[in-house]
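Visitor: Have a look at this one before I ask anything.
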Amino acid sequence: MLVELGHFALVLALFVALAQVLLPLYGVWARQPSAQAVARSAAYMQFVLLLFSFAALTAGFLENDFTLDYAARQSNTMLPVWYKISAVWGGHEGSLLLWALVLAGWTAAVARFSRSLPRDMTARVIAILGAVSIAFLLFILFTSNPFARLLPDFPPDGNDLNPLLQDPGLIIHPPMLYMGYVGFAVPFAFALAGLMGGRLDSAWSRWSRPWALAAWCFLTLGIALGSWWAYYELGWGGWWFWDPVENASFMPWLAGTALLHSLAVTEKRGVFKAWTVLLAIIAFALSLLGTFLVRSGVLTSVHAFASDPSRGLFVLGILAVVIGGSLALFAARAGALNSESRYELVSREMFLLANNLLLLTATTVVLLGTLFPLVADAMNLGKISVGPPYFNLLFVPLTLVLLLFMGVGSQANWKRQDTGKLLKPYGLILLGGLLLGVVLPLLWFGTNDARVAIACALVFAVTLAIARDVFLKVRTAKAGVWAGLRRLSRSYLGMQLAHIGLLVTVLGVTLVSTHSMERDVRMVPGDAVVEGDYSFVFHGVSERKGPNYVARRGDIEVLKNGEHLRWLHPEKRVYNVQRNTMTEAAIDPGLFRDLYVALGEPLEDGQSWAVRVYHKPFVRWLWLGAIFMAAGGALAATDRRYRMRKTATASLPAGGEAA
């Protein structure tokens with residue numbers, strides 16, 4: 001009965017979404033505040049209905065209701081309870097319901113925290129979000145209904161969740177990623193609402209910016225969690241493979257990063273209006289494209305859902321309508337998006353524009369590398385693979401140039417900058433960065449090369465530029481440095497923290513890519529592998545039983561300079577239902593290095609095993625940098641000028657402007 005009620009709530013949510021679109025837009029057109037006010041009530045109601053629907057589906061999983069076709073395919077009676085919950089979004093149908101729920105959550109948040117905005121603006125934004133919701137609710141109900149019954153024949157114990165997804169990281173990774181993906185619908189809706197109402201001033205960018213920051217933070221953490229999961233779960237020892245589905249989340253992150261910078265310029269200087277609107281459309285378009293790639297069946301990936309291609313055509317139709325319509329509206333209104341002020345060739349605006357162009361170029365590089373094999377296959381040109389060599393060849397130089405402009409831009413003034421006054425301090429900063437980039441890796445690793453030196457030099461140069469900029473802002477405080485820091489805005493501090501996070505990630509990528517050590521060895525009990533100061537002694541393999549699997553566990557002792565450090569226990573797991581074999585790596589983590597061991601297959605003699613041993617310096621800095629970036633974005637989003645307060649704008653008539 002609860003499942004049927006969940007299905008009914010899903011259908012009812014579709015009708016509420018229709019009211020959420022039609023009545024507020026009619027109210028804006030007819031200048032009727034009562035009709036516009038329906039937007040908030042409908043947003044709350046749709047969220048409650050979808051939350052109930054999702055809870056009903058979750059209850060079906062927890063109760064092992066395998067008359068549900070989706071639960072029968074995704075769950076099993078032996079599955080631990082926390083994986084039964086994550087199995088709800090572990091497949092196609094449930095993940096789409098989560099997508100719709102997250103969108104409804106964002107819409108309800110906009111309704112809650114937008115009371116200081118003009119009523120007609122809020123009505124348009126919520127109506128646009130409702131239109132996107134309608135598209136996905138139709139998709140779920142007509143092609144991907146998670147409440148479909150499997151009667152009269154159904155498996156009594158279920159088929160089980162994909163063993164790849166039976167991991168704690170996969171419990172939080174998809175919801176976090178979806179919060180980022182779907183969150184970019186909010187700045188997209190603000191952009192379209194601004195175009196429709198002709199209100200694209202600094203206030204509009206100030207309304208949009210905290211939502212874009214929040215979505216970017218979630219997406220940053222979601223991507224980092226996916227990278228971390230791939231690193232410790234798959235046993236390959238890698239943290240990024242330029243997998244097409246990884247790229248599908250990386251592209252909106254790059255476009256979203258450009259959007260954040262463009263919003264900052266529009267808010268501060270009243271320029272880049274057209275550029276900002278276009279970036280908001282592109283960021284959400286790439287989020288929809290990622291949804292299409294994951295669910296269309298056109299990709300082969302450990303991350304992709306194996307789905308009917310006809311479902312992919314439905315998502316492609318949504319993508320075409322939503323993005324085609326928004327671009328048409330943008331083209332019709334682009335002529336009215338004039339800048340409110342001017343700036344010179346050498347200015348902070350120009351450096352930020354250069355950074356945005358580099359970010360979009362990087363996005364295009366990833367997009368072409370991801371889609372070209374699909375296009376080639378569709379045109380019968382054969383199976384073409386685009387792998388890491390292509391991405392590294394083009395993406396790495398773009399990143400280094402981006403760092404160069406980031407460092408210079410932080411030293412430049414708004415509107416106009418004297419070139420001589422800019423080059424003198426930055427020249428010294430570059431020199432200091434070059435010195436540190438050559439000396440520090442040499443002292444740490446005993447070796448260095450040009451690639452590492454250049455990357456490290458730029459990272460340290462930008463770090464020095466940030467430190468100088470902060471120092472110049474706090475040095476005039478009479479009560480000391482701490483008082484000066486407290487005087488700085490959260491937006492500024494968050495920006496600098498996010499930049500530091502990027503630098504930490506780039507440094508981690510550089511060092512782990514060039515100084516990792518990998519050994520694939522054949523080992524029998526008593527054998528040892530020596531890697532620098534560390535020895536890995538193999539003591540054999542034992543068996544143990546898990547809740548729904550049987551594992552063969554390696555016993556490996558790690559010694560440092562001959563002294564016992566710790567035991568590592570990599571596993572090969574065989575899951576009872578699907579009989580799939582999974583590798584579980586064992587890792588000794590550290591701030592400056594990871595020791596990583598993966599157990600391979602038993603060899604022919606029955607005594608020896610294939611073992612893979614890694615020493616990965618600074619690999620944790622990849623994810624530490626992502627945490628800094630997300631924390632910086634969250635700090636900037638809480639700046640006091642973004643805190644919504646009731647103002648006179650709330651009672652303005654439709655079409656009214658705040659003073």
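The values are calculated or read from the model by the stated rules, or taken from the named source; none is laboratory data. Bear in mind the structure is a predicted one, so any value in this text is a computation, not a measurement. Here Cβ is always computed from backbone atoms with ideal geometry, including for glycine, and neighbour counts include all displayed protein chains. Keep in mind that these areas ignore ligands, DNA and RNA; they rest on the heavy atoms of the full protein, side chains included. Shrake-Rupley method; radii C 1.70, N 1.55, O 1.52, S 1.80 Å.
Visitor: Here are some conditions: (1) crowded, with 24+ Cβ neighbours inside 10 Å; (2) over 22 Å from PRO175 (Cβ atoms). VAL88 meets all but one. Which one does it not meet?
Guide: (2)
Visitor: With the checklist (1) among the hydroxyl-bearing types (Ser, Thr, Tyr); (2) surrounded by fewer than 24 Cβ atoms within 10 Å (Cβ to Cβ); (3) out of contact with any strand residue (DSSP E or B) (no Cβ under 6 Å at 6 or more places or on another chain); (4) more than 17 Å from PHE136 (Cα to Cα) in hand, flag the one item TYR70 doesn't pass.
Guide: Every condition holds for TYR70 apart from (2).
Visitor: In the range 513-529, what count of residues is obtained for those that are part of a helix (DSSP H, G or I) and of a type in the set (Val, Ile, Thr)?
Guide: The number of residues fulfilling the criteria is 1.
Visitor: I'd like to verify a number: residues in the range 467-497 that are at pLDDT 85 or above, part of a helix (DSSP H, G or I) and within 22 Å of ARG209 (Cα to Cα), how many?
Guide: The qualifying residues number 8.
Visitor: Out of PHE61, PHE15, PHE8, report the one residue that is touching a helix residue (DSSP H, G or I) at 6+ places or on another chain (Cβ under 6 Å) and either farther than 30 Å from MET196 by Cα or surrounded by fewer than 22 Cβ atoms within 10 Å (Cβ to Cβ) (or both).
Guide: Among PHE61, PHE15, PHE8, only PHE61 is touching a helix residue (DSSP H, G or I) at 6+ places or on another chain (Cβ under 6 Å) and either farther than 30 Å from MET196 by Cα or surrounded by fewer than 22 Cβ atoms within 10 Å (Cβ to Cβ) (or both).
Visitor: Suppose the filter is closer than 26 Å to LEU195 by Cβ and either open to solvent by 70 Å² or more (accessible area, probe 1.4 Å) or among the aliphatic types (A, V, I, L, M) (or both); does VAL38 pass it?
Guide: So VAL38 passes the test.
Visitor: What tally of residues in the range 286-305 results from selecting those that are open to solvent by 20 Å² or more (accessible area, probe 1.4 Å) and modelled with pLDDT of 85 or more?
Guide: Here the count works out to 1.
Visitor: Among the residues of the range 191-236, write down those that are in contact with a Lys or Arg (Cβ under 7 Å, 6 or more places away or on another chain) and either farther than 19 Å from ALA109 by Cβ or of a type in the set (Asp, Glu) (or both).
Guide: LEU195, MET196, GLY197, LEU200, listed by residue number.
Visitor: Take SER114 and tell me if it is open to solvent by less than 10 Å² (accessible area, probe 1.4 Å), more than 28 Å from ARG209 (Cβ to Cβ) and of a type outside the set (Asp, Glu).
Guide: No; evaluated as a whole, the condition is false for this residue.
Visitor: Okay, moving on. Could you figure out which of (1) at pLDDT below 90; (2) under 15 Å from MET523 (Cα atoms) isn't true of ARG579?
Guide: (2)
Visitor: Sticking with this structure for a sec: Tell me, which residue of the range 161-174 that is in contact with an Asp or Glu (Cβ under 8 Å, 6 or more places away or on another chain) and either open to solvent by less than 20 Å² (accessible area, probe 1.4 Å) or acidic (Asp, Glu) (or both) is farthest from LYS572 (Cα to Cα)?
Guide: Step by step, filter the range 161-174, then rank; the result is GLY169.
Visitor: Further, regarding this structure: For the range 327-358, give me the residue count where each residue is modelled with pLDDT under 80 and open to solvent by 40 Å² or more (accessible area, probe 1.4 Å).
Guide: Of the residues in the range 327-358, 10 are modelled with pLDDT under 80 and open to solvent by 40 Å² or more (accessible area, probe 1.4 Å).
Visitor: Another question, then. All but one of (1) open to solvent by 70 Å² or more (accessible area, probe 1.4 Å); (2) free of Cβ contacts under 8 Å to residues at least 60 places away in the same chain; (3) on the phi > 0 side of the Ramachandran plot hold for LYS421; which doesn't?
Guide: Evaluating LYS421 over (1) open to solvent by 70 Å² or more (accessible area, probe 1.4 Å); (2) free of Cβ contacts under 8 Å to residues at least 60 places away in the same chain; (3) on the phi > 0 side of the Ramachandran plot leaves (3) as the failure.
Visitor: Cβ-Cβ distance below 9 Å, separation of 6 or more or different chains: which pairs start in the range 626-642 with a residue that is farther than 26 Å from SER227 by Cβ and end on one that is assigned to a helix (DSSP H, G or I) and at pLDDT 95 or above?
Guide: Sorted first by the residue in the range 626-642, then by its partner, the pairs are TYR642/LEU213.
Visitor: Oh, and also: So PHE395 passes all but one of these: (1) over 24 Å from the mean Cα position of the chain (by Cα); (2) surrounded by 15 or more Cβ atoms within 10 Å (Cβ to Cβ); (3) at pLDDT below 95. Which condition number does it fail?
Guide: (1)
Visitor: Still on this structure: Can we say ALA131 is open to solvent by less than 20 Å² (accessible area, probe 1.4 Å) and either among the aliphatic types (A, V, I, L, M) or under 19 Å from the mean Cα position of the chain (by Cα) (or both)?
Guide: Taking the combined requirement at face value, the residue does not satisfy it.
Visitor: State which residue is least open to solvent (accessible area, probe 1.4 Å) when the search covers only the range 306-326 and only residues that are more than 15 Å from ILE140 (Cβ to Cβ) and at pLDDT below 70.
Guide: PRO309
Visitor: Something else: Taking interchain pairs and intrachain pairs at least six residues apart, which have beta carbon atoms under 7 angstrom, with the first residue in the range 96-122 and closer than 22 Å to PHE54 by Cα and the second of a type in the set (Phe, Trp, Tyr) and part of a loop (DSSP other than H, G, I, E, B)?
Guide: Close Cβ pairs (under 7 Å, with a partner that is of a type in the set (Phe, Trp, Tyr) and part of a loop (DSSP other than H, G, I, E, B)) amount to LEU98/TRP89.
Visitor: Any residue that is of a type in the set (Gly, Ala, Ser) and touching a residue at least 60 places away in the same chain (Cβ under 8 Å) - is there at least one of those in the range 556-566?
Guide: Scanning the range 556-566, I find no residue that is of a type in the set (Gly, Ala, Ser) and touching a residue at least 60 places away in the same chain (Cβ under 8 Å), so the answer is no.
Visitor: Please give the strands (runs of 3 or more DSSP E) falling wholly within the range 530-575 in which 3 or more residues are open to solvent by less than 70 Å² (accessible area, probe 1.4 Å).
Guide: 534-545, 549-560, 571-575
Visitor: Are any of the residues in the range 583-594 exposed (fewer than 14 other Cβ atoms within 10 Å of the Cβ), closer than 23 Å to TRP229 by Cβ and touching a residue at least 60 places away in the same chain (Cβ under 8 Å)?
Guide: So far as the range 583-594 goes, no, none of its residues is exposed (fewer than 14 other Cβ atoms within 10 Å of the Cβ), closer than 23 Å to TRP229 by Cβ and touching a residue at least 60 places away in the same chain (Cβ under 8 Å).
Visitor: So which residues in the range 595-608 are part of a strand (DSSP E or B) and surrounded by fewer than 22 Cβ atoms within 10 Å (Cβ to Cβ), if there are any at all?
Guide: GLY600, GLU601, PRO602 - these are the residues of the range 595-608 that are part of a strand (DSSP E or B) and surrounded by fewer than 22 Cβ atoms within 10 Å (Cβ to Cβ).
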